[in-house]
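Notes for the one structure printed next.
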Amino acid sequence: MFAAMTNNEKTRAPKLTDRFRNLNDTGMLLTITIIVFFAMYIFAILFLGEGFRTPQTFFNLLNTNGALLITSCGLCVVMIAGGIDISVGGVVALVSMSCAVYLDYHDGSVLGSIGIAVGIGLAFGLVQGFLVAYLDIQPFIVTLAGMFFARGMITIVHDAPFNVAHEGFQTLKNTRVEIPGVGSVNKLGVFVNSYVEIGVVVAVLIVVILFFVLRWSKLGRSLYAVGGNRQSALMLGINVKRTVFLSHVICGLLAGIGGFVYFLHVGSGSASHAMGMEMNAIASAIIGGTMLTGGVGSIVGTLFGVLSLAVIQNIVSSAGLDQAWWTGITIAAMLCLFLVIQSIVMARKKKMMKK
């Protein structure tokens, strides 16, 4: 009887490998990303000193990369729909300089600077979205032009870097949200709560909103359908052009918001700001499980992609490899790893479709 019960239990309980095999593409890539992130962080805790063991070290990953997280979410949306946007770094820098000039040279308000950031992001999203969706121009070409335009406009707005002295902005910039009960004891024996910057709160809210939009809204389902197969999406009655247009509008809007969060973090305007951010955003989305071919991806995965990118950069720095090329090499290696994983997933998908 005991043997019979054991056999029944084996029949009822699927093996872990079976559960992993039954995951869809998004779920599988998300699982791999989370495993890789925790593996790297545990490695850092065990072998790279006590700095990684303090909670504030983890929250600093978010403090430093709040703007990157927001722009990566925008790239995730566009890539799920089968597109790309390489203008986001230029938009972030343009927003930062425009807000800086508005606050210090025109005695503007913080609320007005937020409006400028959102307006710039929406303008880029609307124009680029229209050109891609309704004029059927390749998104890479359109957003490449957008990147050059944004970078050129920065110097027209102001030709030299400067720090912002606006009192209201400085108050907002220095705002910290403490996390009760989470922290560490400093050298004086005093317990200090961990904190996040106000931009991180904005980034987390955006992640939550987009998670629900992609998972349960009609727009979210349309984005996945269009990215997966445009012809099939048309047959299902989905307005493909409008969906592609909205994906670029969302990306542009998030680039504008990300630009203001970036501005809050650095507190200055400069033409050199956010250089390479578009590449880091694309890399974060890919590491997070968003496929370049479209139709697969998740916002939670993008969050862990940003964190993984930040952790690998900290590991390289803590290992004494402070030269910039070492960081580039490790990011390239990590990106190649996840591209290989994606190709394996695609091969698995084709094999299952043949069956």
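When Val200, Val196, Val182, Val249 are screened for being open to solvent by 30 Å² or more (accessible area, probe 1.4 Å), among the aliphatic types (A, V, I, L, M) and in contact (Cβ under 8 Å) with a residue 40 or more places away in the chain, only Val182 passes.
Flag: Ile287 matches the condition of being touching a Phe, Trp or Tyr at 6+ places or on another chain (Cβ under 8 Å) and in contact (Cβ under 8 Å) with a residue 24 or more places away in the chain. Filtered by the rule that a residue be closer than 14 Å to Met153 by Cβ and open to solvent by 20 Å² or more (accessible area, probe 1.4 Å), the stretch 103-122 gives Ile116, Gly119, Ile120.
The residue pairs whose first member lies in the stretch 303-316 and is within 19 Å of Val77 (Cα to Cα), whose second member is open to solvent by 10 Å² or more (accessible area, probe 1.4 Å) and among the charged types (D, E, K, R), and whose beta carbons are closer than 6 Å, counting only pairs six or more residues apart or on different chains, do not exist in this structure.
For the stretch 289-303, a residue qualifies if it is surrounded by 22 or more Cβ atoms within 10 Å (Cβ to Cβ) and under 22 Å from Val204 (Cβ atoms), and the qualifying residues are Gly289, Thr290, Gly297, Ser298, Ile299, Gly301, Thr302, Leu303. For the stretch 257-272, filtered to residues that are over 16 Å from Tyr105 (Cβ atoms) and among the hydroxyl-bearing types (Ser, Thr, Tyr), the residue that is surrounded by the fewest Cβ atoms within 10 Å (Cβ to Cβ) is Ser272. So which residues in the stretch 273-287 are open to solvent by less than 10 Å² (accessible area, probe 1.4 Å) and polar (S, T, N, Q), if there are any at all? Once the filter is applied, which keeps residues that are open to solvent by less than 10 Å² (accessible area, probe 1.4 Å) and polar (S, T, N, Q), the stretch 273-287 yields only Ser284.
In the stretch 123-136 there is at least one residue that is in contact (Cβ under 8 Å) with a residue 24 or more places away in the chain, surrounded by fewer than 16 Cβ atoms within 10 Å (Cβ to Cβ), hydroxyl-bearing (Ser, Thr, Tyr) and touching a Lys or Arg at 6+ places or on another chain (Cβ under 9 Å). Based on what the data block shows, is Leu205 farther than 21 Å from Pro139 by Cα, touching a helix residue (DSSP H, G or I) at 6+ places or on another chain (Cβ under 7 Å), open to solvent by 60 Å² or more (accessible area, probe 1.4 Å) and free of Cβ contacts under 8 Å to residues at least 24 places away in the same chain? Considered against the rule, which asks whether it is farther than 21 Å from Pro139 by Cα, touching a helix residue (DSSP H, G or I) at 6+ places or on another chain (Cβ under 7 Å), open to solvent by 60 Å² or more (accessible area, probe 1.4 Å) and free of Cβ contacts under 8 Å to residues at least 24 places away in the same chain, Leu205 comes out as no.
Filtered by the rule that a residue be farther than 15 Å from Phe124 by Cα, open to solvent by less than 10 Å² (accessible area, probe 1.4 Å) and assigned to a helix (DSSP H, G or I), the stretch 68-87 gives Leu69, Ile70, Ser72, Cys73, Cys76, Val77, Met79, Ile80. Return yes or no: is Thr302 at pLDDT 90 or above, outside any helix (DSSP H, G or I), under 18 Å from the mean Cα position of the chain (by Cα) and of a type in the set (Val, Ile, Thr)? Answer is no for this residue. If you go through the stretch 143-174 and keep only what is within 27 Å of the chain's Cα centre (by Cα), without any contact (Cβ under 8 Å) to a residue 24 or more places away in the chain and open to solvent by less than 50 Å² (accessible area, probe 1.4 Å), you end up with just Gly152.
Only one of the numbered conditions (1) open to solvent by less than 20 Å² (accessible area, probe 1.4 Å); (2) assigned to a helix (DSSP H, G or I) is not met by Thr330, and that is (1).
Within the stretch 31-41, one or more residues are crowded, with 24+ Cβ neighbours inside 10 Å and in a helix (DSSP H, G or I). Leu321 falls short on exactly one of the conditions (1) open to solvent by 60 Å² or more (accessible area, probe 1.4 Å); (2) part of a helix (DSSP H, G or I); (3) under 21 Å from Ile45 (Cβ atoms), and that condition is (2).
The values are calculated or read from the model by the stated rules, or taken from the named source; none is laboratory data. Keep in mind it's a predicted model, so treat the numbers as computed, not measured. Here Cβ is always computed from backbone atoms with ideal geometry, including for glycine, and neighbour counts include all displayed protein chains. Quick note on the areas: whole protein, heavy atoms, side chains included, nothing else; ligands and nucleic acids left out. Shrake-Rupley method; radii C 1.70, N 1.55, O 1.52, S 1.80 Å.
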